[in-house]
Amino acid sequence: MRRPILLLVLATFWLASCSWLPGEDDDAPAGPTAQPTPTERMTLADLGLAGWPVADEPELPDAPTRPASIPAAEYDRMVEAVETWAVQAATDPDAVGEGLPKDLVEAIDDAVGAQTVPALARATVLDPDLDVNAARMTGAWRVAEEDGAVNLSLQTRTAYEVRAPGGQTRVIGVLRTQGVVAVPGTEQWGTIMGWQEFGAADCAIVLDEFLTPGGDPDDQESDLTVFAEIGKGSEAVTPKLPENEYVDEDFAQACRSGRV
């Protein structure tokens, strides 16, 4: 289970987000090593996820009640933009930005371009050699008034049952969060972006810029069980991880050294 950097910033209108970077930890492990793909079988049914809505036909909950501090028309625009963006990022990488305001698209481009793995910061990209047997998705909204701003975000929880070239069936889970930040009475919006994977090979994230099954089978099962429990809930939950579990340049360099 690995978490790239979460982006959250308030900027003029749709200005792009800036990431926060974890501090150095002298006690942290030197870095990850490449992980083999497990050979054990795992399916959506094994995790109790087969009954989730089909990802291509999402059944997302209604957006939360509008805070009184923001006009109804603006809130409706926020909801529409966030839902469109979130579904695109979870299900169709090539579609991210379609139907969204130009300024938001530019902000997404700027934000993901500053990340260690731009392709996966933008959207969920699976290993092209995988066959996707099925994909299921749930979602949870969050709205909060913080420091005079209204934060609206949608967390998608998408489970992919995939078959590797060798025939193994595995599951990859992905939490993604997309959102906007609005300051009532102004034309300022900010963006919220973040994602976290479960059951994917760590170093493939930065070296190949896609998700493919990997890791110790026992760890995969426990991580995916956490993911499944989050997806069954009605609240947006992001598991806490130690700093050395974040995808940053130190992690990328460790993977490059390990692969070589």
Kindly list the number of the only condition in (1) closer than 30 Å to S69 by Cα; (2) of a type outside the set (D, E); (3) surrounded by 16 or more Cβ atoms within 10 Å (Cβ to Cβ); (4) out of contact with any Gly (no Cβ under 6 Å at 6 or more places or on another chain) that fails for T238. (3)
Out of V79, V87, V96, V9, sole residue that is surrounded by 12 or more Cβ atoms within 10 Å (Cβ to Cβ), among the β-branched types (V, I, T), farther than 29 Å from P128 by Cα and at pLDDT 95 or above: V79
Can you pull out the residues in segment 113-146 that are aliphatic (A, V, I, L, M), touching a residue at least 40 places away in the same chain (Cβ under 8 Å) and exposed (fewer than 14 other Cβ atoms within 10 Å of the Cβ)? none
For segment 148-179, which positions are out of contact with any Gly (no Cβ under 7 Å at 6 or more places or on another chain) and under 15 Å from S69 (Cα atoms)? G148, A149, V150
Which number in (1) modelled with pLDDT of 95 or more; (2) under 17 Å from V150 (Cβ atoms); (3) surrounded by fewer than 19 Cβ atoms within 10 Å (Cβ to Cβ) marks the one condition that S69 misses? (1)
Which numbered condition trips up P58, out of (1) assigned to a helix (DSSP H, G or I); (2) in contact (Cβ under 8 Å) with a residue 40 or more places away in the chain? (1)
Looking at segment 148-157, can you tell me whether even one residue there is outside any strand (DSSP E or B) and either touching a residue at least 40 places away in the same chain (Cβ under 8 Å) or β-branched (V, I, T) (or both)? no
Could you grab me the full set of residues in segment 35-63 that are β-branched (V, I, T) and at pLDDT below 90? T37, T39
Boolean, A107 is buried (at least 16 other Cβ atoms within 10 Å of the Cβ), within 14 Å of G179 (Cβ to Cβ), of a type outside the set (D, E) and at pLDDT below 95: yes
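The values are calculated or read from the model by the stated rules, or taken from the named source; none is laboratory data. A quick note: this is a predicted structure, and the numbers were derived from the prediction, not measured. Quick reminder, even Gly has a Cβ in these numbers, built from the backbone with ideal geometry, and neighbours come from all protein chains shown.
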